[in-house]
1. As a quick test, which of the pairs LYS8/LYS45; LYS8/LYS69; LYS73/LYS107; LYS45/LYS69; LYS8/LYS105; LYS12/LYS69 have an alpha carbon distance above 19 angstrom in this structure?
2. Send over the Kirkwood Rh of the range 5-104, from the inverse of the averaged 1/r over different Cα pairs, rounded to one decimal Å.
3. GNM on the chain, C-alpha springs below 10 Å: top fluctuator among ILE14, ILE47, ILE25?
4. Note down, for the range 49-113, the three equivalent ellipsoid semi-axes (square root of 5 times each alpha carbon gyration tensor eigenvalue), biggest first, whole angstrom.
5. For the full complex of protein chains and a 1.4 angstrom probe, list LEU31, LEU77 by accessible area with the highest value first.
6. Please return the longest range in the chain lying between exposed loop sites, taking GluC sites (Glu not before Pro), DSSP loop only, at most 13 other beta-carbon atoms within 10 Å, and leaving the sites out.
7. On the accessible surface of the range 5-104, probed at 1.4 Å, how many percent belong to carbon and sulfur atoms?
8. At 1.4 Å probe size, with no ligands or nucleic acids counted, give the accessible surface of PHE100 in Å², nearest ten.
Amino acid sequence: MSDCIFCKIANKEIPSNMVYEDDVIAVFHDLEPQAPVHVLLVPKKHIASLDAAEFEDMEAMGWLLHKVKDVAKLLNLENGYRLVCNCGEDGLQTVPHLHFHLLGKRKMTWPPG
Ligand code: 5GP
Ligand code: ZN
């Protein structure tokens, strides 16, 4: 999608601090990190949110989730991490391109705010 910031990052039209990419997903550091390690995992295909994912997106989403542990290992999150997906208005999703936050290197709290 032409005016989507995460599409532009995934397509390298705008710079980011990319930590991993393949044909299906891109992983880059969040602009405003909420933990010592805070990266975003996105499908390269524009999917607006978890709610908007279609049956045909299942393989890409499965691949993305499968790669989480590899990215965590790459970033030395040997003590654990949190994976977050904000969806829609109540979920406080601010960028309408499906993304998962991977946060680590600090003790998380529960429940989230
Ligand atoms: P959301 O609130 O939609 O779950 O998360 C969007 C995230 O994207 C936020 O954590 C925000 O800091 C990050 N973000 C917004 N714009 C940019 C950008 O241009 N580059 C990067 N790397 N992160 C961004
Ligand atoms: Zn997009």
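The values are calculated or read from the model by the stated rules, or taken from the named source; none is laboratory data. Because the structure is predicted, anything quoted here is derived from the model rather than measured. As a convention, Cβ positions derive from the backbone with ideal geometry for all residues, glycine included, and neighbour counts pool all protein chains shown. Just so you know, the surface numbers come from the protein's heavy atoms only, side chains and all, with ligands and any DNA or RNA stripped out. Shrake-Rupley method; radii C 1.70, N 1.55, O 1.52, S 1.80 Å.
1. Exceeds cut-off: LYS8/LYS69; LYS45/LYS69; LYS8/LYS105; LYS12/LYS69.
2. 13.6
3. It is ILE14.
4. Values: eigenvalues 99, 64, 12 Å².
Semi-axes, largest first: 22, 18, 8 Å.
5. Details: LEU31 160, LEU77 15 Å².
Putting LEU31, LEU77 in descending order of accessible area: LEU31, LEU77.
6. Of all site-free stretches, the longest is 14-53.
7. Working: 3170 of 5860 Å².
That fraction is 54 percent.
8. 20
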